[in-house]
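Engineer: Below is the structure I would like to discuss, written out as C-alpha cells.
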Amino acid sequence: MEEKVGQRKRILVAGGGITGLSAAFYVAKQAREHGWDAEITVAEASERFGGKINTLRKDGFTIEKGPDSFLSRKTPIIDLTRELGLEGELEAQNPQSKKTYILRRGKLHPMPGGLMLGIPTQLKPFMATGLLSFPGKLRAGLDWVLPRKEGEADESLGGFLTRRLGREVLTGIAEPLLAGIYAGDTHSLSLLATFPQFREAERAHGSLIRGTRAGRKQAEAAAKAAAAGTGVSSGASGATGTTSEADPVAKLVRSSMFLTYRGGLVTLVEALLAALKRDGVRLQTGRRLTAISRMDGSDGDGGQGYKVSFDDGDIESFDAIVLALPTFAIGRLLDALPAVKALSDIPYVSVANVILAFRAEDVADRLDGSGFLVPRTEGKFITACTWTSSKWLHTAPSDKVLLRCYVGRSGAEGWLDMSDDELVARVRADLKSMLGLDADPLFHEITRLPKSMPQYPVGHLDRVRAAREQLAAAMPGVAIAGAGFHGVGLPDCIRQGKEAAQAIGGFFLSVTVRGD
Ligand SMILES: Cc1cc2nc3c(=O)[nH]c(=O)nc-3n(C[C@H](O)[C@H](O)[C@H](O)COP(=O)(O)OP(=O)(O)OC[C@H]3O[C@@H](n4cnc5c(N)ncnc54)[C@H](O)[C@@H]3O)c2cc1C
C-alpha cells in the first residue's frame with residue numbers, strides 16, 4: 001500500500017463539549033510536537049461550543065447553567081489549566097461553606113464529618129448524626145465484620161452499599177450524595193463503572209469503612225504529592241507551572257476539594273478555543289455529523305479513511321475521527337456495528353435546574369454551607385439545592401443571593417411536561433417548606449437538559465469494551481470518548497479526550513510503521 005508518511009493528515013473531532021475540545025487540543029499538541037502536516041476540524045451540532053458547560057454572565061452574577069465546579073484532586077483538569085495558562089483564574093470554594101446538609105423528615109441535618117463519598121470514616125460524628133436511627137448506625141458498623149464478596153462480577157451500587165452498610169445509610173446519606181452525580185437510581189447503576197474503589201476497598205481490606213479510611217489517607221498523601229509536582233508544563237500560551245511547595249495551584253488543590261474559574265467554567269472553553277484557533281484548527285458550529293462510512297480504496301480516487309456526511313449536505317473525507325458525543329449519538333452513527341449500536345441502550349436521565357436570585361435581606365436564614373441534598377424518600381420535587389453565592393463568593397454581588405435548585409432524576413422526569421411557570425412554582429414551594437424562603441426572586445433562570453446524565457448500567461464496562469473492540473477492528477483510526485463512557489466529571493472527560501488524542505497518535509504511528 002501507498003506510504004502515508006508525510007501526507008497531510010485530516011482529523012475530525014465530532015462534538016464540541018469538553019471532551020471534544022480537549023481531544024482537539026491534545027491532537028493539535030501532538031501535531032505540533034511531531035511536526036505533522038495536519039488539518040484538524042471540530043464539528044459541533046449546536047450553535048455554541050462547550051456542550052454541558054454553559055456559563056451566563058448577567059447583572060454582576062456568574063451563573064452556571066450546567067456544571068459549576070470540578071474535583072480538584074483529579075489531575076487532568078489541573079494539567080490542562082496549567083497548559084492553558086489559566087492558573088490565575090482558579091477559584092477555591094468559600095472555606096466558610098464546607099457544611100452540606102441533607103433533608104430528613106423535612107428537617108435539614110448537617111452531613112456528619114469524616115464522610116468520604118458518603119462512606120463514614122470517623123466514629124464520633126457518625127454516631128452523633130441525626131440523619132440515621134441508632135439501629136441504622138449499628139447496621140453500618142456490621143461492615144467491619146461482614147465477609148467480603150468473592151469474584152469479579154459487577155453488581156449495582158445500591159446493592160453493594162446495602163450489603164455493606166445497610167439500607168438506612170444508602171437511602172439517607174449515600175444515595176443523595178452519590179446518585180446526585182448521576183441523577184441515578186443506585187440500584188440500576190454499575191458499581192464497577194461508577195465507584196470501583198468501593199469494591200477494591202472491600203477486596204483489599206475486607207470492609208468498606210476500613211478500606212475507605214485507608215484510601216483517604218493515601219489520597220491525601222497522593223494529592224499533596226501530585227499537586228506539588230504536577231509538573232513544569234509549557235502550555236499553548238507558553239505559561240509554565242512550578243513544582244515548588246509555594247506553587248499557588250498546589251496550595252489551592254490542597255485547600256479546596258472543588259475548584260472553578262473566576263469567570264465561570266466557560267473560561268476553560270474560551271481558552272481551549274483560543275488555543276485551537278492559534279493552531280489553525282477549523283472550528284465549526286451548527287454542523288452535525290449524520291453518517292460515517294469507511295472508504296476501501298475502490299472508489300475512483302483510491303481514497304482511504306472515512307467519508308463523513310454532515311446535515312448541511314456536505315461530504316468530507318478524514319483519515320481519523322474522534323467521536324466525542326453522547327453514546328446514543330454514536331450508536332446511531334455506527335449502527336452497522338452491533339456492539340457499537342448497543343451503546344444506544346445506555347440510558348440518559350433528563351434533568352433541569354432552576355436558578356433564583358434574591359436580595360440578601362430577603363433571605364432570612366444564614367446560608368452557612370454549600371447547600372443541601374434531598375433523599376428520594378423525602379418525596380420532594382427538588383433533588384438538591386446549591387447555595388451558590390455562599391459556596392462561590394464570586395458568583396453574585398455581595399448584597400444578593402444566588403440559589404440553584406436541581407430537578408429530575410432517574411424515575412422522576414415528570415418535570416419534562418411542565419411549563420416554566422409550573423417548574424418555578426414547584427421549586428419555590430419546596431424552598432418555602434425547607435428554608436422558609438417565601439420572598440419573590442429578582443429573577444429566575446431555567447435550564448432544561450433532556451437526556452443529559454448517562455446512567456452506567458450493571459455490565460457497563462463490558463458493553464463499552466465490546467464496542468471498542470468491534471470499532472477498532474472495523475474502523476481503525478476512529479476513537480470514542482465522553483461522559484457516556486468512563487466518568488461524567490469534567491476531569492474524567494478531559495482525560496478521555498486526551499486518551500482519544502493519544503489513540504489517534506498511535507493510529508498514525510501504526511499506519512506509518514505498516515506503510516498502509
Ligand atoms: C446539570 C449538570 C450538572 C453537572 N455538574 C457537574 C459539575 O459540577 N462538575 C463536573 O465535573 N461535572 C458535572 N456534570 C457533568 C459534566 O458537565 C458532563 O459530563 C460533561 O460536561 C460532558 O462533556 P462531553 O463533552 O462528554 O459531552 P457534552 O458536553 O454533552 O458534549 C457533546 C457535544 O456533542 C454535540 N453533538 C451531539 N451529536 C452530535 C453530532 N451528531 N454531530 C456533532 N455534534 C454533536 C452536542 O451538541 C454537544 O455539544 C454535570 C452535568 C450536568 C448535566
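Engineer: Between residue 187 and residue 294, with labels modelled 7 Å along Cα→Cβ, what's the label distance in nm to one decimal, could you check?
Structural biologist: Label-label distance for residue 187 and residue 294, simple model: 4.3 nm.
Engineer: Determine the relative contact order of the stretch 111-215: mean sequence separation of Cα pairs under 8 Å and six or more apart, normalised by residue count, in whole percent.
Structural biologist: Computed value for the stretch 111-215: 32 percent relative contact order.
Engineer: Just order 419-428, 308-317, 74-83 by mean Cβ neighbour count inside 10 Å, highest at the front, would you? All intermediate terms of the calculation are to be shown ahead of the outcome.
Structural biologist: On the way: 419-428: 15.5, 308-317: 13.5, 74-83: 22.8.
Going by the mean number of other Cβ atoms within 10 Å, highest first, we get 74-83, 419-428, 308-317.
Engineer: I need the peptides 357-369, 320-332, 179-191 ranked by packing, meaning the mean over residues of other C-beta atoms within 10 angstrom, with the highest value on top.
Structural biologist: 320-332, 179-191, 357-369
Engineer: Pop the C-beta distance of residue 512 and residue 469 into the FRET formula with R0 = 25 Å and round what comes out to the nearest 0.05.
Structural biologist: Details: r = 23 Å, r/R0 = 0.93.
After rounding, the FRET efficiency stands at 0.60.
Engineer: Now for a separate question. So how do 12-21, 104-113 stack up, highest first, on mean other-Cβ count within 10 Å?
Structural biologist: Descending mean neighbour count gives 12-21, 104-113.
Engineer: List the residues whose amide H sits under 5 Å from the amide H of residue 305, counting only those 5 or more places along or on another chain, with H placed 1.01 Å from N in the peptide plane.
Structural biologist: 295
Engineer: Let me ask another. Normalised by the number of residues in the chain, what is the relative contact order in percent for Cα pairs under 8 Å and 6+ residues apart?
Structural biologist: 25
Engineer: Excluding residue 204 itself, what net charge comes from residues whose Cβ is under 15 Å from its Cβ, given Lys and Arg +1 and Asp and Glu -1? Can you show the working numbers first?
Structural biologist: Working: positive: 148, 149, 164, 199, 203, 210, 213, 216, 217; negative: 143, 150, 152, 200, 202.
Within the 15 Å Cβ shell, the charges total +4.
Engineer: Quick one: which residues, 5 or more positions from residue 439 or on another chain, have an amide H under 5 Å from its amide H? H modelled 1.01 Å from N in the peptide plane, none for Pro or chain starts.
Structural biologist: So residue 439 has HN proximity to no qualifying residue.
Engineer: Considering only C-alpha atoms, what is the centroid distance from the stretch 12-43 to the stretch 390-428, in Å?
Structural biologist: The distance from the Cα centre of the stretch 12-43 to that of the stretch 390-428 comes to 36 Å.
Engineer: Which helices, counted as full DSSP H runs in the chain, have an axial Cα extent of no less than 27 Å and a Kyte-Doolittle average of 0.0 or above?
Structural biologist: Those that clear 27 Å and a mean of 0.0 are 490-514.
Engineer: I want to make sure I understand the PRE zone here: with the label point 7 angstrom from the Cα of residue 205 toward its beta carbon, which residues in the stretch 127-164 have backbone N atoms less than 16 Å away?
Structural biologist: 140-149, 161, 164
Engineer: Would you tally the net charge around residue 69, using a Cβ to Cβ cut-off of less than 11 Å, leaving residue 69 out, and scoring K and R as +1, D and E as -1?
Structural biologist: Here the count lands on -2.
Engineer: For residue 34 and residue 71, what is the calculated FRET efficiency with R₀ set at 45 Å and r taken between the beta-carbons, to the nearest 0.05?
Structural biologist: After rounding to 0.05, the efficiency reads 0.90.
Engineer: Additional query: Compute the signed sum of charges (Lys and Arg +1, Asp and Glu -1) over the other residues within less than 12 Å, Cβ to Cβ, of residue 189. Intermediate results must be reported in sequence, preceding the final value.
Structural biologist: Values: positive: 409; negative: 154, 155, 175, 185.
Taking every other residue near residue 189 into account, the sum is -3.
Engineer: How high is the FRET efficiency between residue 155 and residue 314 when r is their beta carbon distance and R₀ equals 35 Å, given to the nearest 0.05?
Structural biologist: 0.15
Throughout, read-outs are computed from the coordinates displayed, never taken from laboratory work. Quick caveat: nothing in here was measured; it's all calculated off a predicted structure. Because the Cβ atoms are built from the backbone with ideal geometry, glycine has one as well, and the counts that use them run over all protein chains shown.
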